[in-house]
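Working notes, structure below.
The values are calculated or read from the model by the stated rules, or taken from the named source; none is laboratory data. Just so you know, these numbers come straight off a predicted model, no measurement behind them. Ideal geometry is used to build each Cβ from the backbone, glycine not excepted, and the neighbour counts take in all protein chains shown. Surface areas here come from the heavy atoms of the whole protein model, side chains and all, with no ligands, DNA or RNA. Shrake-Rupley method; radii C 1.70, N 1.55, O 1.52, S 1.80 Å.
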Amino acid sequence: MFANSFELFIQRTVDGLAAGSIYALLALALVVVFRGSGQLNFAQGEMGMFCAFVASTLTLSGLPLWLSILLSMVVGFVMGVGIERVVIRPLEHKNPGGVLVAAIGLFLLINQLAVAVWGVDPRGLASLFPDGEDDFFRLFGAAVRWERVGIFLVMLVLLALLWALFTKTKIGLAMRAVANNQDSSRLVGIRVGWILAIGWGVSGAIGALGAALLAPQAGLSQALMLGPFVFASAAAILGGLDSPLGAVVGGLAIGLIQAYIVGYVNFLGGGMVLSVVFAIILVVLLVRPSGLFGSQRVERV
Amino acid sequence: MSVLQVQDVSVRFGGIQALAGLSFDIDEGQICGLIGPNGAGKTTMFNVVSRIYEPTEGKVLYRGQDLLDVPAHGIARLGIARTFQNLALFPTMTLLQNTMTGAHCTGNVGFVRSALRIGVRSEEKRMEAEAFEILARLGLAPLAYRPAMGLPFGTLKRLEIARALAAKPSLLLLDEPASGLTHSEVDELSETIHDVRDQFGLTVLLVEHHMSMVMGISDKVVAMEFGRKIAEGTPHEVRNDPHVIAAYLGTEV
Amino acid sequence: MAWPKDVRRGSAWHRVGQLVLFGLVALFFIRAGLTWNRSGIGQLTDMLLFATAAVGLNLLVGVTGQISLGHSAFFGLGAYTSAVLVGQYGWTPGWTFPVSIVLCFAVGMVVGLPALRLKGVYLALVSIALATTFTQLLNWDRLAWLTGGPIGIKGLSYLPPSWTPFDGRADLGKWFFWMSLVVFVICTLIASSMIRSRFGRSMVAVRDNETAAAVMGVNLAAVKTLVFGLSAAMAGIAGSIFAMKLTLVEPVVQFFTLFGSIFLLVMVVLGGAGSTWGPLVGAFIFVYVRDWASGVGEGNGVLGLFEGTRIGGLGGIVFGVLLIVIVFVAPFGAVGLLRKARAKVVRVLPRPPALPTVANAQEPQPPTTVVSG
Amino acid sequence: MLTVSGLTASYGPVQVLQGIDFTVGDGEIVVILGANGAGKTTTMRAISGTMPRGGTVDFAGHELTKLSPDAIVRLGVAQVPQGRGTFSDLTVHDNLMVGAFTRSSKVTEDLDRWYSVFPRLAERREQKAGSLSGGEQQMLAIARAMMSRPKLLLCDEPSLGLAPIITQDLFARITELNQESGMAVLLVEQNANLALKIAHRAYVLDTGRIVASGTAAELQADETIQAAYLGV
């Protein structure tokens, strides 16, 4: 099928970047929460999955796809805000160690809620971008599907928007201030609670978008996000949990590593991909303990 | 005999030169005050001696032994203890446990013996008794079973000193022990430092902005600015040094 | 007389109270071991094994503050070590236990090395990687000669030896129960002895403030790796017994996967991180609440989800909500809650200062807040 | 302008403030003195709403104990917290911008003004606040508080950990701000001598109660108080 190994390489690179874009999107969602509150949202993937089901239901009821996805992102935003205000924040004051357990509880709760509402039969969600048999173009002989290009572009646009949010807006400045020092933020008149909740909301909306982009290829089921979430958190850690750029670089890198290992390292076989990815991350972390782009704090004593 | 000899020590972080060829000696039994504006490198100096920072150049000798050959956790056993300017206590531990942890280097129950409970009871008893004595000395005994978390700043500063003394040090490094204390409390603290020095034969290196205290109890004062030594001598000499007045003391002393 | 009553730590009344409490717990287990039916004992045995692994994890997470979501790998490593030695090489099961312990201790120490540089969520992720990698290795076809690959190793059995009072196959359940109980008690004694010693204080010091700990003379590297090793060894021995009781090992067994790690961590936090009784109470709540929840509604609930079989049922929702509710009402875990309740009846005064000779020694006041540990 | 009556506050079961009364008039500098643990910082936090409190705090007709910290800032009460509380990962410029969070007009104007008052900050506007020296951070913390155009400035131990020469400069600045803008200042200090030099009136706090009050000159002259609380 492929004329030469160079074409094959291009093909794998393209596939890797496409998969990596999704990881990058989900990793961005994790980073937004971590920057604000120092929390790793273990229920992130399930929130996205839930929203993808919402989007699917909305399209079935006749709404256009883009509007369905937009509305599901609104649902994701509301879910994020709600979870932060109802569960996470009250708990942070009472029982910081319990946040992790609560997140695991949320993980179970949302997953099983999706089962209760939509059942376990797999469903479909149409793609935002052309994904028919012939919707591709050739680059150095390798087939590049338009859908993949679309996902990649969405991810880049999102990165730009987040960058603008953090550096150009007042709310972004407040988010950075809250991430740095909550007590002082209160003293300059920032409503810290709402800023944190908005962070979770934005993250919920990004997660919903990521799930909606993933579902057409992966098939929509309650297991949709289990695997991608692990890769996405690996990506976020690799890039540095407080760096949006790091999330994107980390996500793309992991997508590429995955594609090359499956393609080139026959000895391992597909089953060991995650292990190799983790081994690479471990090496990176041992050299840079807070990821490639994460800010290294010098502890002053 | 010199207890501590700092020889041409330089420390750079990235582009910042925190210490630039600093040298001074402290003799046995002396109280040496280290003064200088914020950012002069005083705390950095402490961190070099307690092996938290690696100096880029230079040597630190403790009773003739090169400290740079000793790992961070080996410093306490040599007899060097310190306090922290911004508090580095163990917040979930009680004051008693904090102080007993300070005595870590005086004990020897390790991993295996603690698992098998061999010799644990007697060591705990000894450490507890000693810790109580130190806490009582610093007026902290009534709070012995309170967790450190949430107690007032000044109380915790005293706990820092108690914890350092628990190590039975021969060289004690105090990083701004009087910050956050009122005048009368500072006077009390000066007395305490004087007393423990005499009683345990300590050598003390003291960083402090409270001029009355530094000048009052130091046998010798070293003044620093921008990582360098700008003056050294008796409190009287340093107080009247024009460099020191310009860089640090200002008009009212 | 007014409540709460004051009791001085170490006094006769305090000792009596401790003995009564201890006796009641012991009585519960003895009675269960003698009179409960087979499935009841089986479930209680599982609970004890999870509790044993949780004791180790508690030393690491609760006391030393190093987050690990990789303990399913040690639980599984112990299980597979015994299974391979018994199933492939025909060893007597009892002799495989020390091998499990030593192997897990060694692997645990190596795995603890990243903890010398990584903290918090970064360390947590590396430990997740450990759990995931372990499952992938079990499935890897190139190691199938050893592990049996996806099929695993089946047909294991460990009948009670003749020196025990148990009667062969009929008493199999009781044999595993008593064995698990003894192992659990030994691990708890080791853990509680450690916590109340110089080494234990250095563990808490590492959790609270590493820099200060090092300045006090605590060897951070030694403490972290040794605790990692010990904690892995405890998970390993629990896994070994678990495999023999299950009579098989395969990669999909819930407690060999990442979910096992998550569940162990949940037990530690539910019980009360850092406390001696926490792991037992946490495992107890976890096992019984989970089974109760999975019985709610139709389907096989949470269990189903994680064993990769059919998903469905309201059980998962109930269990998820319960986890959240419990962390809300019991910030210091169930043990913290129990202590708070006890404080309404009996207030334990600290031991008097050991040195009454000090001139200005004043009576220490009792602590005013409930703190775990 | 500020009338505090029966103010109480506790950390868990420990009641730190036992019901204290004091006032700050228009354009006044008032200092609260006291030993460590007396409840000075707690008083500040109770006013700025960053901890639970009881009693009444009247500020220009508003009851502060019923308001959240952000609402209190909007009313014109800014606090410079103990230990400065700058945003160490943000640049000096962003720190000042955050200070103006509650305002939307004429922010740049104020920015220029404070840069000209504190030229050191202008030099370092793109540096992260965490890289500044202690004295510079204290200036930044004050400039940041001023960006909200407060009518009352709460200063919690500004001299903590500063070299004498810098403390002198700092106190001179606070006096200037007070004289130029008529802004009232409530100051908490350990350094009684210096604080009494710039203050109009003072209160002495001991274990959660006010035990003495008067003009700065009166307190400086009162030998019993000097001996008992100020230790000079």
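List of remarks:
- Residue check for C:Thr132: surrounded by fewer than 24 Cβ atoms within 10 Å (Cβ to Cβ) and either within 30 Å of C:Val206 (Cα to Cα) or out of contact with any helix residue (DSSP H, G or I) (no Cβ under 6 Å at 6 or more places or on another chain) (or both): yes
- Those residues of the range C:152-168 which are hydrophobic (A, V, I, L, M, F, W, C) and surrounded by 13 or more Cβ atoms within 10 Å (Cβ to Cβ), in sequence order: C:Ile153, C:Leu156, C:Leu159, C:Phe166
- Scanning the range B:139-153 for residues that are surrounded by fewer than 20 Cβ atoms within 10 Å (Cβ to Cβ) and either aliphatic (A, V, I, L, M) or under 16 Å from the mean Cα position of the chain (by Cα) (or both) gives a single hit, B:Met149.
- Only one of A:Ala18, A:Ala29, A:Ala43 that is within 11 Å of chain C (Cβ to nearest Cβ), under 19 Å from the mean Cα position of the chain (by Cα), open to solvent by less than 40 Å² (accessible area, probe 1.4 Å) and among the small types (Gly, Ala, Ser): A:Ala43
- Taking the listed residues C:Ala191, C:Ala213, C:Ala221, C:Ala238, the one that is more than 12 Å from every other protein chain (Cβ to nearest Cβ) and assigned to a helix (DSSP H, G or I) is C:Ala238, with no other qualifying.
- C:Phe105 passes every criterion in (1) open to solvent by 10 Å² or more (accessible area, probe 1.4 Å); (2) within 14 Å of another protein chain (Cβ to nearest Cβ); (3) under 25 Å from A:Pro289 (Cβ atoms) apart from (3).
- When C:Asp141, C:Asp167, C:Asp171 are checked against the criterion of being within 12 Å of another protein chain (Cβ to nearest Cβ), without any contact (Cβ under 8 Å) to a residue 12 or more places away in the chain and over 29 Å from B:Pro71 (Cα atoms), a single residue qualifies: C:Asp141.
For (1) under 15 Å from C:Ala232 (Cβ atoms); (2) part of a loop (DSSP other than H, G, I, E, B); (3) of a type in the set (Gly, Ala, Ser), each residue gets a yes or a no:
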residue	(1), (2), (3)
C:Gly10	no, yes, yes
C:Arg15	no, no, no
C:Leu24	no, no, no
C:Ile41	no, no, no
C:Phe50	no, no, no
C:Val61	yes, no, no
C:Gly78	yes, no, yes
C:Ala83	no, no, yes
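- Of all residues in the range A:171-187, those satisfying the criterion of being within 14 Å of A:Ile198 (Cβ to Cβ) and within 7 Å of chain D (Cβ to nearest Cβ) are A:Leu173, A:Ala174, A:Arg176, A:Ala177.
- Answer residue from the range A:203-238, given it is among the β-branched types (Val, Ile, Thr) and out of contact with any Gly (no Cβ under 7 Å at 6 or more places or on another chain) and is farthest from the other protein chains (Cβ to nearest Cβ) among those: A:Ile206
- A:Ile206, sole failed condition from (1) crowded, with 24+ Cβ neighbours inside 10 Å; (2) outside any helix (DSSP H, G or I): (2)
- The range B:81-99: number of residues that are within 22 Å of B:Lys42 (Cα to Cα) and in contact with a helix residue (DSSP H, G or I) (Cβ under 7 Å, 6 or more places away or on another chain): 8
- Checking each residue in the range C:208-245 for being among the charged types (D, E, K, R) and within 19 Å of the chain's Cα centre (by Cα) picks out C:Lys224, C:Lys245.
- Failed criterion for C:His14 (all others in (1) over 22 Å from the mean Cα position of the chain (by Cα); (2) open to solvent by 30 Å² or more (accessible area, probe 1.4 Å) hold): (2)
- Which listed residue is more than 25 Å from the chain's Cα centre (by Cα), open to solvent by less than 40 Å² (accessible area, probe 1.4 Å) and within 12 Å of another protein chain (Cβ to nearest Cβ), from C:Gly149, C:Gly65: C:Gly149
- Considering the range B:192-212, the residues that are within 14 Å of chain D (Cβ to nearest Cβ) and within 16 Å of the chain's Cα centre (by Cα) include one that is farthest from D:Ala192 (Cα to Cα), namely B:Val207.
- Strands (runs of 3 or more DSSP E) within the range B:135-234 that include 1 or more residues closer than 23 Å to B:Val3 by Cβ and among the polar types (S, T, N, Q): B:203-207
- Set A:Pro96, A:Pro130, A:Pro90, A:Pro122: member being away from every other protein chain (no Cβ under 14 Å) and surrounded by fewer than 22 Cβ atoms within 10 Å (Cβ to Cβ): A:Pro130
- Among the residues making up the range B:191-229, those that are buried (at least 20 other Cβ atoms within 10 Å of the Cβ) and among the polar types (S, T, N, Q) are B:Thr203, B:Ser218.
- Hits in the range B:117-127 - residues which are open to solvent by 40 Å² or more (accessible area, probe 1.4 Å) and within 8 Å of another protein chain (Cβ to nearest Cβ): B:Arg117, B:Lys125
- Members of the range A:278-291 that are buried (at least 20 other Cβ atoms within 10 Å of the Cβ) and either more than 8 Å from chain C (Cβ to nearest Cβ) or part of a loop (DSSP other than H, G, I, E, B) (or both): A:Ser290, A:Gly291
- In the range D:51-71, the residue that is farthest from the other protein chains (Cβ to nearest Cβ) out of those that are out of contact with any strand residue (DSSP E or B) (no Cβ under 8 Å at 6 or more places or on another chain) and crowded, with 17+ Cβ neighbours inside 10 Å is D:Leu67.
- Condition broken by C:Phe284, with the remaining ones in (1) part of a loop (DSSP other than H, G, I, E, B); (2) open to solvent by 20 Å² or more (accessible area, probe 1.4 Å) satisfied: (1)
- Looking only at residues in the range B:95-116 that are facing chain C (nearest Cβ under 7 Å) and within 19 Å of B:Ala164 (Cα to Cα), the one that is most open to solvent (accessible area, probe 1.4 Å) is B:Gln97.
- Members of the range B:1-20 found to be small (Gly, Ala, Ser) and free of Cβ contacts under 8 Å to residues at least 24 places away in the same chain, listed by number: B:Gly14, B:Gly15
- Residue match in the range A:243-253 (condition: in contact with a Phe, Trp or Tyr (Cβ under 8 Å, 6 or more places away or on another chain) and within 14 Å of chain D (Cβ to nearest Cβ)): yes
- Condition check for B:Arg158: open to solvent by 10 Å² or more (accessible area, probe 1.4 Å), free of Cβ contacts under 8 Å to residues at least 40 places away in the same chain, among the basic types (Lys, Arg) and closer than 25 Å to B:Leu78 by Cβ: yes
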